Amino acid sequence: MVSAAAAKVLGALFKIPLTNLLGGIGMGYFSCAYGLFLPIYALSVTGLSAAVAKTVAQDAARGCWRNVRRIRRTARLLFAGLGMLLTLVIWLTARPFAIYAAGDANAYYAVLMIAPSALLGCMSAVERGYYEGFQNMYPTAVSQAVEAAAKVAAGLALSGWVMSHEEQVLFYFPSGTPLLSVAAAAAVLGVTLSSGAGLLYFGARNLFGDGIRKRELCGGEIASHRSIAGELLRVMIPVALGSIATTLTSIIDLCTVIRCFGYARTHYPDAMAERFGSMAGDDSFPAFVYGAFTGMALTVFNLVPSVTNMFGRSALPCAARAHAKGKTEVLREQVRSVTLAAGLLAIPSGIGLFLLAEPVMQVLYSGHTEETRIAAEALRSLVPGMVFLCLTTPLFSILQGIGRADLPVKLMLWGVLVKLLGNLLLIPIPAVSVSGAGISTSLCYILMLFLAVRSLQKELGGKLMLLRSLSPILYAACMSGAAAYLLASLLRHQETLLQLAGAVSGAVVMYFLVLWLMGHSRGSLRDMLSLRI
(Lines give C-alpha, C1' and ligand atoms only; values in the text may rest on other atoms or scores of the structure.)
Protein backbone atom coordinates (compact mmCIF):
# COMPACT_ATOMS: atom_id res chain seq x y z
CA MET A 1 0.00 0.00 0.00
CA VAL A 2 2.84 2.37 0.86
CA SER A 3 4.54 1.52 -2.43
CA ALA A 4 1.31 2.13 -4.36
CA ALA A 5 0.93 5.50 -2.67
CA ALA A 6 4.54 6.39 -3.53
CA ALA A 7 4.01 5.20 -7.10
CA LYS A 8 0.94 7.41 -7.41
CA VAL A 9 2.82 10.41 -6.06
CA LEU A 10 5.50 9.76 -8.67
CA GLY A 11 2.77 9.25 -11.25
CA ALA A 12 1.36 12.65 -10.38
CA LEU A 13 4.87 14.11 -10.70
CA PHE A 14 4.83 12.62 -14.20
CA LYS A 15 1.36 13.52 -15.43
CA ILE A 16 1.04 16.99 -13.91
CA PRO A 17 4.21 18.44 -15.53
CA LEU A 18 3.39 16.49 -18.68
CA THR A 19 -0.03 18.12 -18.83
CA ASN A 20 1.54 21.53 -18.32
CA LEU A 21 3.97 20.70 -21.14
CA LEU A 22 1.54 19.21 -23.67
CA GLY A 23 -1.71 20.99 -22.76
CA GLY A 24 -5.17 19.57 -23.34
CA ILE A 25 -4.62 18.61 -26.99
CA GLY A 26 -1.31 16.85 -26.42
CA MET A 27 -2.72 15.01 -23.42
CA GLY A 28 -5.57 13.88 -25.67
CA TYR A 29 -3.02 12.11 -27.90
CA PHE A 30 -1.23 10.69 -24.87
CA SER A 31 -4.49 9.50 -23.31
CA CYS A 32 -5.48 7.64 -26.48
CA ALA A 33 -2.40 5.44 -26.12
CA TYR A 34 -2.65 5.32 -22.33
CA GLY A 35 -6.27 4.20 -22.67
CA LEU A 36 -4.97 1.23 -24.64
CA PHE A 37 -2.19 0.65 -22.11
CA LEU A 38 -4.58 0.39 -19.16
CA PRO A 39 -6.18 -2.92 -20.24
CA ILE A 40 -2.70 -4.33 -20.90
CA TYR A 41 -1.55 -3.14 -17.48
CA ALA A 42 -4.65 -4.58 -15.83
CA LEU A 43 -4.15 -7.88 -17.67
CA SER A 44 -0.54 -8.21 -16.58
CA VAL A 45 -0.50 -6.62 -13.13
CA THR A 46 -3.91 -7.80 -11.95
CA GLY A 47 -5.01 -10.67 -14.18
CA LEU A 48 -1.89 -12.70 -14.86
CA SER A 49 -0.22 -12.07 -11.50
CA ALA A 50 -3.45 -13.01 -9.71
CA ALA A 51 -3.59 -16.32 -11.61
CA VAL A 52 0.01 -17.16 -10.65
CA ALA A 53 -0.51 -16.01 -7.05
CA LYS A 54 -3.61 -18.14 -6.56
CA THR A 55 -2.00 -21.26 -8.04
CA VAL A 56 1.22 -20.80 -6.05
CA ALA A 57 -0.69 -20.09 -2.81
CA GLN A 58 -2.70 -23.29 -3.10
CA ASP A 59 0.38 -25.50 -3.61
CA ALA A 60 2.36 -23.61 -0.94
CA ALA A 61 -0.46 -24.27 1.56
CA ARG A 62 -0.10 -28.01 0.79
CA GLY A 63 3.71 -27.91 0.95
CA CYS A 64 4.20 -28.88 -2.72
CA TRP A 65 7.35 -26.77 -3.17
CA ARG A 66 8.67 -28.59 -6.25
CA ASN A 67 5.38 -27.92 -7.96
CA VAL A 68 5.57 -24.26 -6.92
CA ARG A 69 8.88 -23.90 -8.77
CA ARG A 70 7.46 -25.63 -11.84
CA ILE A 71 4.47 -23.27 -11.84
CA ARG A 72 6.89 -20.37 -12.16
CA ARG A 73 8.79 -21.92 -15.09
CA THR A 74 5.59 -22.83 -16.91
CA ALA A 75 4.07 -19.40 -16.34
CA ARG A 76 7.16 -17.68 -17.72
CA LEU A 77 6.92 -19.58 -21.02
CA LEU A 78 3.15 -19.26 -21.28
CA PHE A 79 2.90 -15.56 -20.54
CA ALA A 80 5.96 -14.62 -22.60
CA GLY A 81 4.16 -16.07 -25.61
CA LEU A 82 1.00 -14.15 -24.72
CA GLY A 83 2.99 -10.93 -24.33
CA MET A 84 4.66 -11.29 -27.73
CA LEU A 85 1.28 -11.92 -29.33
CA LEU A 86 -0.23 -8.81 -27.74
CA THR A 87 2.75 -6.69 -28.81
CA LEU A 88 2.42 -7.87 -32.41
CA VAL A 89 -1.32 -7.20 -32.47
CA ILE A 90 -0.86 -3.63 -31.18
CA TRP A 91 1.88 -2.92 -33.74
CA LEU A 92 -0.29 -4.15 -36.61
CA THR A 93 -3.47 -2.37 -35.50
CA ALA A 94 -2.00 0.91 -34.20
CA ARG A 95 -3.06 3.04 -37.17
CA PRO A 96 -6.65 1.72 -37.56
CA PHE A 97 -7.06 1.93 -33.78
CA ALA A 98 -6.04 5.59 -33.76
CA ILE A 99 -8.27 6.45 -36.73
CA TYR A 100 -11.39 4.41 -36.08
CA ALA A 101 -11.45 3.74 -32.33
CA ALA A 102 -9.88 6.90 -30.89
CA GLY A 103 -11.13 9.06 -33.74
CA ASP A 104 -7.82 10.94 -34.13
CA ALA A 105 -5.08 9.76 -36.52
CA ASN A 106 -2.51 11.95 -34.74
CA ALA A 107 -2.53 9.45 -31.85
CA TYR A 108 -0.90 6.79 -34.09
CA TYR A 109 2.70 7.29 -32.93
CA ALA A 110 1.72 7.24 -29.27
CA VAL A 111 -0.20 3.98 -29.72
CA LEU A 112 2.80 2.47 -31.55
CA MET A 113 5.12 3.26 -28.65
CA ILE A 114 2.97 1.44 -26.10
CA ALA A 115 3.21 -1.95 -27.86
CA PRO A 116 6.37 -3.40 -26.20
CA SER A 117 4.90 -2.81 -22.75
CA ALA A 118 2.60 -5.80 -23.35
CA LEU A 119 5.52 -8.26 -23.41
CA LEU A 120 7.40 -6.55 -20.58
CA GLY A 121 4.30 -6.35 -18.40
CA CYS A 122 3.42 -10.03 -18.88
CA MET A 123 6.92 -11.12 -17.88
CA SER A 124 6.86 -8.95 -14.75
CA ALA A 125 3.41 -10.29 -13.87
CA VAL A 126 4.79 -13.82 -13.43
CA GLU A 127 7.39 -12.65 -10.92
CA ARG A 128 4.91 -10.52 -9.00
CA GLY A 129 2.36 -13.29 -8.78
CA TYR A 130 4.99 -15.82 -7.70
CA TYR A 131 6.05 -13.82 -4.65
CA GLU A 132 2.49 -12.74 -3.85
CA GLY A 133 1.58 -16.43 -3.69
CA PHE A 134 3.91 -16.64 -0.67
CA GLN A 135 2.13 -13.59 0.80
CA ASN A 136 5.33 -11.63 0.22
CA MET A 137 4.33 -8.24 -1.19
CA TYR A 138 7.79 -6.63 -0.98
CA PRO A 139 8.99 -7.57 -4.51
CA THR A 140 5.74 -6.22 -5.98
CA ALA A 141 6.09 -3.06 -3.91
CA VAL A 142 9.68 -2.37 -4.94
CA SER A 143 8.98 -3.09 -8.61
CA GLN A 144 6.09 -0.61 -8.58
CA ALA A 145 8.33 2.07 -7.14
CA VAL A 146 11.07 1.33 -9.68
CA GLU A 147 8.61 1.53 -12.57
CA ALA A 148 7.10 4.79 -11.29
CA ALA A 149 10.50 6.44 -10.89
CA ALA A 150 11.62 5.29 -14.36
CA LYS A 151 8.39 6.59 -15.90
CA VAL A 152 8.88 10.05 -14.42
CA ALA A 153 12.53 10.27 -15.47
CA ALA A 154 12.22 8.80 -18.98
CA GLY A 155 8.79 10.19 -19.91
CA LEU A 156 9.44 13.80 -18.96
CA ALA A 157 12.98 13.79 -20.34
CA LEU A 158 11.97 12.38 -23.73
CA SER A 159 8.87 14.56 -24.20
CA GLY A 160 10.74 17.67 -23.03
CA TRP A 161 13.57 16.99 -25.47
CA VAL A 162 11.10 16.63 -28.35
CA MET A 163 9.37 19.90 -27.51
CA SER A 164 12.69 21.76 -27.42
CA HIS A 165 14.06 20.29 -30.70
CA GLU A 166 11.12 20.79 -33.04
CA GLU A 167 12.99 21.06 -36.35
CA GLN A 168 15.31 18.13 -35.65
CA VAL A 169 12.44 15.88 -34.61
CA LEU A 170 9.88 16.70 -37.32
CA PHE A 171 12.52 16.17 -40.03
CA TYR A 172 12.02 12.41 -39.55
CA PHE A 173 8.21 12.50 -39.74
CA PRO A 174 5.78 13.12 -42.63
CA SER A 175 4.98 16.73 -43.44
CA GLY A 176 2.13 18.11 -41.34
CA THR A 177 2.77 15.86 -38.32
CA PRO A 178 1.92 17.89 -35.18
CA LEU A 179 4.80 18.32 -32.77
CA LEU A 180 2.44 17.53 -29.88
CA SER A 181 1.72 14.14 -31.44
CA VAL A 182 5.43 13.24 -31.42
CA ALA A 183 5.94 14.64 -27.91
CA ALA A 184 3.02 12.54 -26.63
CA ALA A 185 4.58 9.46 -28.27
CA ALA A 186 7.87 10.23 -26.53
CA ALA A 187 6.08 10.38 -23.18
CA VAL A 188 4.42 7.03 -23.93
CA LEU A 189 7.84 5.57 -24.76
CA GLY A 190 8.86 6.55 -21.24
CA VAL A 191 5.96 4.44 -19.92
CA THR A 192 7.18 1.47 -21.95
CA LEU A 193 10.74 1.90 -20.71
CA SER A 194 9.47 1.93 -17.13
CA SER A 195 7.95 -1.53 -17.69
CA GLY A 196 11.42 -2.70 -18.75
CA ALA A 197 12.91 -1.21 -15.59
CA GLY A 198 10.48 -3.21 -13.45
CA LEU A 199 11.47 -6.43 -15.21
CA LEU A 200 15.17 -5.67 -14.71
CA TYR A 201 14.52 -5.31 -10.98
CA PHE A 202 13.08 -8.83 -10.83
CA GLY A 203 16.11 -10.14 -12.73
CA ALA A 204 18.35 -8.72 -10.01
CA ARG A 205 15.98 -9.82 -7.20
CA ASN A 206 15.93 -13.44 -8.36
CA LEU A 207 19.70 -13.71 -7.97
CA PHE A 208 19.10 -13.89 -4.19
CA GLY A 209 16.64 -16.80 -4.32
CA ASP A 210 12.95 -17.09 -3.50
CA GLY A 211 13.06 -18.34 0.10
CA ILE A 212 12.40 -22.03 -0.66
CA ARG A 213 15.02 -24.19 1.05
CA LYS A 214 16.72 -27.07 -0.76
CA ARG A 215 15.42 -29.71 1.63
CA GLU A 216 11.87 -28.58 0.88
CA LEU A 217 12.38 -29.46 -2.78
CA CYS A 218 13.00 -33.14 -2.01
CA GLY A 219 10.00 -35.35 -2.73
CA GLY A 220 6.43 -34.18 -2.88
CA GLU A 221 3.94 -34.06 -5.72
CA ILE A 222 4.86 -32.54 -9.05
CA ALA A 223 2.54 -31.95 -11.99
CA SER A 224 3.31 -31.88 -15.69
CA HIS A 225 3.88 -28.62 -17.54
CA ARG A 226 0.72 -29.27 -19.54
CA SER A 227 -1.50 -29.70 -16.47
CA ILE A 228 0.03 -26.62 -14.83
CA ALA A 229 -0.53 -24.57 -17.99
CA GLY A 230 -4.11 -25.78 -18.09
CA GLU A 231 -4.65 -24.80 -14.45
CA LEU A 232 -3.07 -21.38 -15.02
CA LEU A 233 -5.31 -20.77 -18.02
CA ARG A 234 -8.42 -21.89 -16.14
CA VAL A 235 -7.65 -19.38 -13.41
CA MET A 236 -6.19 -16.71 -15.69
CA ILE A 237 -8.94 -16.38 -18.28
CA PRO A 238 -11.79 -15.30 -15.96
CA VAL A 239 -9.45 -13.23 -13.77
CA ALA A 240 -7.90 -11.58 -16.83
CA LEU A 241 -11.31 -10.89 -18.33
CA GLY A 242 -12.35 -9.40 -15.02
CA SER A 243 -9.27 -7.18 -14.82
CA ILE A 244 -9.75 -6.05 -18.40
CA ALA A 245 -13.41 -5.36 -17.71
CA THR A 246 -12.40 -2.90 -15.00
CA THR A 247 -10.62 -0.86 -17.68
CA LEU A 248 -13.47 -1.04 -20.16
CA THR A 249 -14.75 2.24 -18.74
CA SER A 250 -11.54 3.87 -20.03
CA ILE A 251 -11.96 2.17 -23.41
CA ILE A 252 -15.55 3.38 -23.58
CA ASP A 253 -14.41 6.92 -22.79
CA LEU A 254 -11.72 6.61 -25.45
CA CYS A 255 -14.25 5.54 -28.09
CA THR A 256 -17.16 7.81 -27.12
CA VAL A 257 -16.05 11.07 -25.45
CA ILE A 258 -14.38 12.64 -28.50
CA ARG A 259 -17.15 11.47 -30.82
CA CYS A 260 -19.98 12.55 -28.52
CA PHE A 261 -18.47 16.01 -28.05
CA GLY A 262 -18.03 16.25 -31.81
CA TYR A 263 -21.71 15.36 -32.20
CA ALA A 264 -22.77 17.97 -29.63
CA ARG A 265 -20.57 20.64 -31.26
CA THR A 266 -22.14 19.93 -34.65
CA HIS A 267 -25.79 19.66 -33.60
CA TYR A 268 -25.92 22.18 -30.73
CA PRO A 269 -23.35 24.84 -31.65
CA ASP A 270 -25.09 27.71 -29.87
CA ALA A 271 -25.58 25.81 -26.61
CA MET A 272 -21.97 24.55 -26.67
CA ALA A 273 -20.65 28.05 -27.40
CA GLU A 274 -22.66 29.42 -24.48
CA ARG A 275 -21.29 26.69 -22.21
CA PHE A 276 -17.63 26.65 -23.28
CA GLY A 277 -17.12 29.91 -25.14
CA SER A 278 -15.47 30.40 -28.51
CA MET A 279 -13.16 27.39 -28.14
CA ALA A 280 -16.17 25.09 -28.70
CA GLY A 281 -16.00 25.99 -32.37
CA ASP A 282 -12.42 24.76 -32.77
CA ASP A 283 -11.95 21.39 -34.52
CA SER A 284 -9.55 20.29 -31.78
CA PHE A 285 -12.09 21.01 -29.02
CA PRO A 286 -13.25 17.37 -28.55
CA ALA A 287 -9.62 16.22 -28.14
CA PHE A 288 -9.07 19.18 -25.77
CA VAL A 289 -11.97 18.09 -23.54
CA TYR A 290 -10.92 14.44 -23.67
CA GLY A 291 -7.42 15.42 -22.60
CA ALA A 292 -8.78 17.46 -19.66
CA PHE A 293 -11.09 14.63 -18.61
CA THR A 294 -8.63 11.73 -18.87
CA GLY A 295 -5.31 13.49 -18.35
CA MET A 296 -6.44 15.60 -15.39
CA ALA A 297 -9.75 14.50 -13.78
CA LEU A 298 -9.14 10.76 -14.14
CA THR A 299 -5.55 11.15 -12.95
CA VAL A 300 -6.82 12.49 -9.63
CA PHE A 301 -9.71 10.00 -9.63
CA ASN A 302 -7.28 7.04 -9.86
CA LEU A 303 -5.04 8.14 -6.97
CA VAL A 304 -7.00 6.54 -4.14
CA PRO A 305 -8.15 3.32 -5.93
CA SER A 306 -4.56 2.52 -6.86
CA VAL A 307 -3.70 2.48 -3.15
CA THR A 308 -6.78 0.58 -1.94
CA ASN A 309 -6.25 -2.01 -4.69
CA MET A 310 -3.31 -3.25 -2.65
CA PHE A 311 -5.74 -4.55 -0.02
CA GLY A 312 -7.30 -6.73 -2.70
CA ARG A 313 -3.89 -7.88 -3.95
CA SER A 314 -2.97 -8.93 -0.41
CA ALA A 315 -6.35 -10.51 0.28
CA LEU A 316 -6.39 -12.78 -2.79
CA PRO A 317 -3.72 -15.31 -1.70
CA CYS A 318 -5.07 -15.14 1.88
CA ALA A 319 -8.55 -15.99 0.60
CA ALA A 320 -7.15 -18.82 -1.54
CA ARG A 321 -5.47 -20.36 1.52
CA ALA A 322 -8.53 -19.96 3.74
CA HIS A 323 -10.75 -21.45 1.03
CA ALA A 324 -8.36 -24.40 0.54
CA LYS A 325 -8.62 -25.10 4.30
CA GLY A 326 -12.43 -24.64 4.39
CA LYS A 327 -12.35 -21.68 6.80
CA THR A 328 -15.57 -19.87 5.86
CA GLU A 329 -15.71 -17.69 8.95
CA VAL A 330 -12.14 -16.53 8.30
CA LEU A 331 -13.22 -15.56 4.78
CA ARG A 332 -16.14 -13.52 6.10
CA GLU A 333 -13.79 -11.72 8.47
CA GLN A 334 -11.39 -11.02 5.61
CA VAL A 335 -14.22 -9.47 3.60
CA ARG A 336 -15.05 -7.14 6.49
CA SER A 337 -11.37 -6.32 7.05
CA VAL A 338 -10.53 -5.35 3.45
CA THR A 339 -13.76 -3.37 3.09
CA LEU A 340 -13.07 -1.49 6.32
CA ALA A 341 -9.47 -0.79 5.30
CA ALA A 342 -10.55 0.48 1.88
CA GLY A 343 -13.31 2.59 3.39
CA LEU A 344 -10.92 4.26 5.85
CA LEU A 345 -9.10 5.82 2.91
CA ALA A 346 -11.77 6.06 0.23
CA ILE A 347 -14.72 7.68 2.01
CA PRO A 348 -12.96 10.76 3.49
CA SER A 349 -10.90 11.18 0.31
CA GLY A 350 -14.05 11.14 -1.81
CA ILE A 351 -15.85 13.75 0.30
CA GLY A 352 -12.76 15.96 0.35
CA LEU A 353 -12.22 15.80 -3.41
CA PHE A 354 -15.88 16.58 -4.07
CA LEU A 355 -15.75 19.72 -1.92
CA LEU A 356 -12.27 20.86 -3.01
CA ALA A 357 -12.25 19.78 -6.66
CA GLU A 358 -11.63 23.26 -8.06
CA PRO A 359 -8.71 24.31 -5.80
CA VAL A 360 -7.14 20.85 -6.22
CA MET A 361 -7.14 21.23 -9.99
CA GLN A 362 -5.93 24.82 -9.85
CA VAL A 363 -2.97 23.89 -7.66
CA LEU A 364 -2.01 20.81 -9.67
CA TYR A 365 -2.45 22.35 -13.12
CA SER A 366 -1.78 26.05 -12.68
CA GLY A 367 -1.69 28.04 -15.89
CA HIS A 368 -4.38 25.97 -17.65
CA THR A 369 -7.54 27.83 -16.68
CA GLU A 370 -9.97 26.29 -19.15
CA GLU A 371 -8.69 22.75 -18.65
CA THR A 372 -8.91 23.02 -14.86
CA ARG A 373 -12.47 24.33 -15.02
CA ILE A 374 -13.56 21.38 -17.17
CA ALA A 375 -11.57 18.87 -15.09
CA ALA A 376 -12.99 20.12 -11.78
CA GLU A 377 -16.54 19.73 -13.07
CA ALA A 378 -15.75 16.20 -14.26
CA LEU A 379 -14.02 15.26 -11.00
CA ARG A 380 -17.08 16.11 -8.88
CA SER A 381 -19.20 13.73 -10.93
CA LEU A 382 -16.50 11.03 -10.73
CA VAL A 383 -16.01 11.10 -6.95
CA PRO A 384 -18.96 8.83 -5.97
CA GLY A 385 -17.67 6.26 -8.45
CA MET A 386 -14.19 6.49 -6.95
CA VAL A 387 -15.47 5.59 -3.47
CA PHE A 388 -17.53 2.64 -4.72
CA LEU A 389 -14.65 1.41 -6.90
CA CYS A 390 -12.33 1.39 -3.87
CA LEU A 391 -14.82 -0.75 -1.96
CA THR A 392 -15.56 -3.08 -4.89
CA THR A 393 -12.06 -4.08 -6.03
CA PRO A 394 -11.04 -5.94 -2.82
CA LEU A 395 -14.35 -7.83 -2.86
CA PHE A 396 -13.65 -8.97 -6.42
CA SER A 397 -10.24 -10.22 -5.25
CA ILE A 398 -11.92 -12.30 -2.53
CA LEU A 399 -14.25 -13.82 -5.14
CA GLN A 400 -11.26 -14.69 -7.31
CA GLY A 401 -9.45 -16.22 -4.33
CA ILE A 402 -12.34 -18.57 -3.49
CA GLY A 403 -12.51 -19.89 -7.04
CA ARG A 404 -15.36 -17.71 -8.38
CA ALA A 405 -13.31 -15.60 -10.77
CA ASP A 406 -16.20 -15.81 -13.21
CA LEU A 407 -18.44 -13.67 -11.03
CA PRO A 408 -16.45 -10.39 -11.24
CA VAL A 409 -16.53 -10.67 -15.04
CA LYS A 410 -20.30 -11.12 -15.13
CA LEU A 411 -20.90 -8.33 -12.62
CA MET A 412 -18.57 -5.91 -14.40
CA LEU A 413 -20.33 -6.40 -17.71
CA TRP A 414 -23.53 -5.04 -16.20
CA GLY A 415 -21.67 -2.01 -14.91
CA VAL A 416 -19.92 -1.47 -18.22
CA LEU A 417 -23.27 -1.56 -20.02
CA VAL A 418 -24.51 1.21 -17.72
CA LYS A 419 -21.32 3.18 -18.45
CA LEU A 420 -21.73 2.87 -22.22
CA LEU A 421 -25.39 3.87 -22.21
CA GLY A 422 -24.68 6.76 -19.84
CA ASN A 423 -21.94 8.18 -22.06
CA LEU A 424 -24.03 7.94 -25.21
CA LEU A 425 -27.08 9.53 -23.59
CA LEU A 426 -25.55 12.16 -21.31
CA ILE A 427 -22.41 13.57 -23.01
CA PRO A 428 -24.20 14.94 -26.12
CA ILE A 429 -26.49 17.03 -23.86
CA PRO A 430 -24.80 20.47 -23.63
CA ALA A 431 -26.14 21.12 -20.11
CA VAL A 432 -24.47 17.91 -18.85
CA SER A 433 -21.59 17.40 -21.33
CA VAL A 434 -18.35 16.55 -19.54
CA SER A 435 -20.13 15.63 -16.30
CA GLY A 436 -22.00 12.95 -18.25
CA ALA A 437 -18.91 10.76 -18.51
CA GLY A 438 -18.34 11.08 -14.77
CA ILE A 439 -21.97 10.40 -13.85
CA SER A 440 -22.05 7.24 -15.97
CA THR A 441 -18.79 6.07 -14.36
CA SER A 442 -20.22 6.56 -10.89
CA LEU A 443 -23.42 4.68 -11.74
CA CYS A 444 -21.30 1.87 -13.15
CA TYR A 445 -19.33 1.33 -9.92
CA ILE A 446 -22.35 1.77 -7.64
CA LEU A 447 -24.04 -1.10 -9.44
CA MET A 448 -20.87 -3.24 -9.28
CA LEU A 449 -20.56 -2.86 -5.50
CA PHE A 450 -24.18 -3.80 -4.90
CA LEU A 451 -23.84 -6.93 -7.06
CA ALA A 452 -20.47 -7.89 -5.50
CA VAL A 453 -21.83 -7.75 -1.94
CA ARG A 454 -24.88 -9.79 -2.90
CA SER A 455 -22.70 -12.42 -4.61
CA LEU A 456 -20.33 -12.75 -1.66
CA GLN A 457 -23.20 -13.14 0.78
CA LYS A 458 -24.54 -15.95 -1.36
CA GLU A 459 -21.14 -17.68 -1.68
CA LEU A 460 -20.19 -17.40 2.01
CA GLY A 461 -23.64 -18.07 3.39
CA GLY A 462 -24.77 -15.20 5.57
CA LYS A 463 -24.87 -11.42 5.81
CA LEU A 464 -21.55 -9.58 5.85
CA MET A 465 -22.70 -6.58 7.93
CA LEU A 466 -20.54 -4.20 5.88
CA LEU A 467 -22.75 -1.14 6.35
CA ARG A 468 -22.50 -1.44 10.12
CA SER A 469 -18.69 -1.59 9.87
CA LEU A 470 -18.51 1.45 7.60
CA SER A 471 -21.02 3.71 9.40
CA PRO A 472 -18.49 5.17 11.93
CA ILE A 473 -16.11 5.93 9.06
CA LEU A 474 -18.90 7.63 7.11
CA TYR A 475 -19.78 9.80 10.11
CA ALA A 476 -16.13 10.79 10.70
CA ALA A 477 -15.69 11.52 6.99
CA CYS A 478 -18.75 13.79 6.95
CA MET A 479 -17.38 15.71 9.93
CA SER A 480 -14.01 16.08 8.21
CA GLY A 481 -15.79 17.28 5.05
CA ALA A 482 -17.63 19.92 7.07
CA ALA A 483 -14.31 21.07 8.51
CA ALA A 484 -12.78 21.24 5.02
CA TYR A 485 -15.71 23.27 3.67
CA LEU A 486 -15.65 25.68 6.60
CA LEU A 487 -11.90 26.27 6.41
CA ALA A 488 -11.97 26.67 2.62
CA SER A 489 -14.69 29.31 3.02
CA LEU A 490 -12.73 31.16 5.71
CA LEU A 491 -9.57 31.12 3.55
CA ARG A 492 -11.28 31.93 0.25
CA HIS A 493 -9.49 35.29 -0.04
CA GLN A 494 -6.05 33.68 0.39
CA GLU A 495 -3.89 32.12 -2.30
CA THR A 496 -5.29 28.87 -3.66
CA LEU A 497 -2.41 26.76 -2.32
CA LEU A 498 -2.84 28.18 1.19
CA GLN A 499 -6.59 27.70 1.03
CA LEU A 500 -6.19 24.07 -0.04
CA ALA A 501 -3.47 23.29 2.52
CA GLY A 502 -5.53 24.75 5.36
CA ALA A 503 -8.71 22.92 4.36
CA VAL A 504 -6.98 19.55 3.91
CA SER A 505 -5.03 19.84 7.17
CA GLY A 506 -8.16 20.68 9.15
CA ALA A 507 -10.09 17.84 7.50
CA VAL A 508 -7.40 15.27 8.34
CA VAL A 509 -7.21 16.37 11.98
CA MET A 510 -11.01 16.31 12.31
CA TYR A 511 -11.27 12.85 10.71
CA PHE A 512 -8.80 11.13 13.04
CA LEU A 513 -10.08 13.07 16.06
CA VAL A 514 -13.63 11.83 15.49
CA LEU A 515 -12.42 8.25 14.95
CA TRP A 516 -10.40 8.45 18.16
CA LEU A 517 -13.30 9.87 20.16
CA MET A 518 -15.46 6.98 18.95
CA GLY A 519 -12.75 4.49 19.94
CA HIS A 520 -12.66 3.22 16.36
CA SER A 521 -9.15 3.90 15.14
CA ARG A 522 -7.24 1.24 17.08
CA GLY A 523 -9.64 -1.55 16.08
CA SER A 524 -9.64 -0.37 12.46
CA LEU A 525 -5.87 -0.46 12.24
CA ARG A 526 -5.84 -3.91 13.81
CA ASP A 527 -8.38 -5.14 11.23
CA MET A 528 -6.29 -3.69 8.40
CA LEU A 529 -3.34 -5.83 9.48
CA SER A 530 -5.21 -9.07 10.22
CA LEU A 531 -5.39 -10.65 6.76
CA ARG A 532 -2.75 -13.36 7.25
CA ILE A 533 -4.15 -16.72 8.45
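The values are calculated or read from the model by the stated rules, or taken from the named source; none is laboratory data. Just so it is clear, the structure is predicted and the values come from calculations on it, not from any experiment. Positions of Cβ are backbone-derived with ideal geometry, glycine not excepted, and every protein chain shown enters the neighbour counts.
Screening Glu370, Glu377 for residues that are under 21 Å from Tyr445 (Cβ atoms) and acidic (Asp, Glu) leaves exactly one candidate, Glu377. A residue that is closer than 30 Å to Val289 by Cβ, surrounded by fewer than 19 Cβ atoms within 10 Å (Cβ to Cβ) and among the aromatic types (Phe, Trp, Tyr) can be found somewhere in the stretch 408-420. Among the residues making up the stretch 315-330, those that are surrounded by fewer than 24 Cβ atoms within 10 Å (Cβ to Cβ) and either at pLDDT 75 or above or part of a helix (DSSP H, G or I) (or both) are Cys318, Arg321, His323, Ala324, Thr328, Glu329, Val330. Within the stretch 485-498, residues that are without any contact (Cβ under 8 Å) to a residue 60 or more places away in the chain reach partners that are aliphatic (A, V, I, L, M) and part of a helix (DSSP H, G or I) with beta carbons closer than 6 Å, at six or more positions or on different chains, in the pairs Leu487/Ala503. Just one of the listed residues (Leu379, Leu391) is buried (at least 24 other Cβ atoms within 10 Å of the Cβ) and closer than 22 Å to Arg492 by Cβ, and it is Leu379. For the stretch 333-376, give me each residue that is among the β-branched types (Val, Ile, Thr) and surrounded by 23 or more Cβ atoms within 10 Å (Cβ to Cβ). Within the stretch 333-376, Val335, Val338, Thr339, Ile347, Ile351, Thr372, Ile374 meet the criteria.
How many of the residues in the stretch 250-275 are acidic (Asp, Glu) and over 29 Å from the mean Cα position of the chain (by Cα)? Number satisfying all stated conditions: 2. Inside the stretch 160-170, residues that are crowded, with 20+ Cβ neighbours inside 10 Å and either at pLDDT 90 or above or outside any helix (DSSP H, G or I) (or both) make up a count of 0. Output the residue which, of all residues in the stretch 132-143 that are surrounded by fewer than 23 Cβ atoms within 10 Å (Cβ to Cβ) and touching a residue at least 12 places away in the same chain (Cβ under 8 Å), is farthest from Ala51 (Cα to Cα). The extreme case among them is Val142.
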